[in-house]
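Just so it is clear, none of the values below were taken in a lab; they were calculated from the coordinates. Small disclaimer: the values here were computed from a predicted structure and weren't measured. Reconstructed Cβ throughout: ideal geometry from the backbone, glycine too, with neighbour counts over all protein chains shown.
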Amino acid sequence: MQTELAARYDMPDRETEPTTAETISVFLIARDAGGDATGCGALRLLGDGGAEIKRMYVIPEARGTGVATRVLRALEDHARRHGTGSVVLSAGVEQPDAIRFYERESYQPIDGCGPYFGEPPARCLTLELG
């Protein structure tokens, strides 16, 4: 993921709040039938009753196979089980494929989220969990 982001943005990955075991509620790894990792995602519970989806990634060979949708649904389900009313996430202008995916999954654009308020390359989205 870091290699791909660095190439897309022509700079090293600059995540301002790196995902760690202390800051996330769950980290999921999707695997294929042979046990190889095909995707991942994390969920950080926020103090305001919301949650943030972090570090969603699917290897290029597994894109379009449903891996991303399954990881996203599992993260959303985890958030619901913890009483979360909404989730936010961020992507960037150089990730139009990711933005299209989230919008297709009913995520709505918002002005900003977390450290990404006022950051021109950032695109933040949210979903109200029902």
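For the reader, a short list of remarks on this structure follows.
- Total formal charge among the other residues, if their Cβ is under 15 angstrom from that of H78, Lys/Arg +1 and Asp/Glu -1: +4
- Convex hull per residue volume in Å³, alpha carbons only, for region 2-128: 112 Å³
- Helix-only mean residue ellipticity at 222 nm for the chain, each DSSP H run of n ≥ 4 adding -39500 (n - 2.57), per residue, nearest 500: -7500 deg cm²/dmol
- Those Cys residues of the chain for which no other cysteine Cβ falls under 4.7 Å: C40
- Of the chymotrypsin sites (Phe, Trp or Tyr not before Pro) found in region 54-130, those that fall in a DSSP loop while having at most 15 other beta-carbon atoms within 10 Å are F117.
- Here the Gaussian network model covers the chain, with springs between Cα atoms less than 10 Å apart; of S106, S90, S25, S106 fluctuates the most.
- Summarising the amide proton neighbourhood of A30: residues at separation of 5 or more, or on other chains, whose placed amide H is nearer than 5 Å comprise T38, G39, C40.
- With Cα atoms as the point set, region 16-62 shows a radius of gyration and Dmax of 12.5, 40 Å.
- Considering only G92, G34, G47, the mean-square fluctuation computed in a Gaussian network model of the chain, springs between alpha carbons under 10 angstrom, is largest for G34.
- Taking Lys and Arg as +1 and Asp and Glu as -1, the other residues whose beta-carbon sits under 11 Å from that of C124 total -2.
- GNM result for the chain, Cα springs below 10 Å: residue of E61, E52, E94 fluctuating most strongly: E61
- Evaluated on region 52-126, the Kirkwood hydrodynamic radius is 13.0 Å, with distances taken between all distinct Cα atoms.
- Per DSSP, loop trypsin sites (Lys or Arg not before Pro) in region 59-130 with at most 15 further Cβ within 10 Å: R63
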